[in-house]
1. List pairs: first residue in the stretch 57-71 and without any contact (Cβ under 8 Å) to a residue 60 or more places away in the chain and open to solvent by 100 Å² or more (accessible area, probe 1.4 Å), second residue assigned to a helix (DSSP H, G or I) and hydrophobic (A, V, I, L, M, F, W, C) anywhere in the structure, Cβ distance under 8 angstrom, at least six positions apart or on different chains.
2. Would you check if Y41 is open to solvent by 100 Å² or more (accessible area, probe 1.4 Å), in contact with a Leu (Cβ under 8 Å, 6 or more places away or on another chain) and at pLDDT below 95?
3. Inside the stretch 11-27, can you point out the residues that are surrounded by 11 or more Cβ atoms within 10 Å (Cβ to Cβ) and part of a loop (DSSP other than H, G, I, E, B)?
4. When both residues are 6+ apart or on different chains and their Cβ atoms are under 9 Å apart, which pairs have a first residue that lies in the stretch 18-38 and is of a type in the set (K, R), and a second that is part of a loop (DSSP other than H, G, I, E, B)?
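The values are calculated or read from the model by the stated rules, or taken from the named source; none is laboratory data. Every value quoted in this text rests on a predicted model; they were computed, and no experiment measured them. Backbone-built Cβ (ideal geometry, glycine too); neighbour counts: all protein chains shown. For accessibility, only protein heavy atoms count, side chains too; no ligands or nucleic acids. Shrake-Rupley method; radii C 1.70, N 1.55, O 1.52, S 1.80 Å.
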Amino acid sequence: MTKTAREMKREGRIVNVSSEGHRYTYKEGIRFDRLNDKEGYKTLAAYGQSKLANILHTNELARRLKEDGEEITANSLHPGAIVTNLFDRFGVFKGNLGGFKSIFK
């Protein structure tokens, strides 16, 4: 990417998709010493941990690219929420999105 950005004389862009779910990680954040721990596994916290890792990776990559003087930006983003029937499979959401779905019909 650095070679292409230089040759094309255009800023390179790296975009990593993350999620607002990064806020719902384990209390201690990323469990580097327990990444594959089956005992304390929580689905939402593990998802949050992976999204937090995406953001931290992107921030560090952006810092390094800038430090090296590269004309490349690195950003992470939350793509937004869309209403699908995906959440109908999860009891915690079942029936709770009905009013929300009607807004988008």
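1. Correct list of pairs: empty, since none qualify.
2. no
3. Selection gives S18, S19, T25.
4. Close Cβ pairs (under 9 Å, with a partner that is part of a loop (DSSP other than H, G, I, E, B)) amount to R31/T25; R31/D37; R31/G40; R34/G40.
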